[in-house]
Amino acid sequence: MSKFVADPFTLRNKGNEIIDKSHEFDENVNKIYQTIGEMVNSNYLDPAARAIAGEIETYRDDLNKMTRVISDYGNFCITASSKVIKNQDNIISSIK
């Protein structure tokens, strides 16, 4: 028989860390696209650079999805932590 072992405090802390990382990832993605936007809107831009900027732009939706997935996983860890604590509390209450 296998057993499930979870430290709810570690789960919550790691979940918060993951969410922080998702925000950091999102900020970096936004910086990339801000830089590309400024570059493309400059007076002179090499046609090859415009092509590269256009290619990078095609990844925006995927990067936004990645940000959401990272954040969702952090939220999952936090929710799992709460469920473990609730389960532990229910077991303790039933013993009393």
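Relative to the longest principal axis of the Cα atoms of the chain, the long axis of helix 60-95 lies at roughly 10 degrees.
Leaving out ligands, DNA and RNA, what percent of the accessible area of the chain is carbon and sulfur, probe 1.4 Å?
57 percent
Relative to the dominant Cα principal axis of the chain, helix 47-57 is inclined by about 20°.
Put a dot 7 Å past the Cα of LYS65, heading toward its Cβ, do the same for ILE95, and the two dots end up 4.6 nm apart. Probing with 1.4 Å while keeping every protein chain in the model, the per residue accessible area of segment 49-96 equals 76 Å².
Note on LYS31/ALA6: beta-carbon distance plugged into 1/(1 + (r/R0)^6) with R0 of 35 Å gives a FRET efficiency of 0.45. Please identify the longest segment of the chain free of exposed chymotrypsin sites (Phe, Trp or Tyr not before Pro), where exposed means a DSSP state other than H, G, I, E or B and no more than 13 other Cβ atoms within 10 Å. No qualifying site falls inside 5-43, the longest such stretch. By the rule of a C-alpha distance below 18 Å, with chain neighbours fewer than 8 residues away ignored, the lysines paired with LYS83 are LYS3, LYS14. Sorted largest first by accessible area at a 1.4 angstrom probe radius, with every protein chain in place, the residues ASP26, ASP7 fall in the order ASP7, ASP26. Legend: residues GLU38, GLU17, sorted from most to least accessible area (1.4 Å probe; ligands, DNA and RNA excluded), read GLU38, GLU17.
The values are calculated or read from the model by the stated rules, or taken from the named source; none is laboratory data. In this text, all values refer to a predicted model and were calculated from it rather than measured experimentally. Here Cβ is always computed from backbone atoms with ideal geometry, including for glycine, and neighbour counts include all displayed protein chains. To get the accessible areas, we keep the full protein, side chains included, count just its heavy atoms, and leave off ligands, DNA and RNA. Shrake-Rupley method; radii C 1.70, N 1.55, O 1.52, S 1.80 Å.
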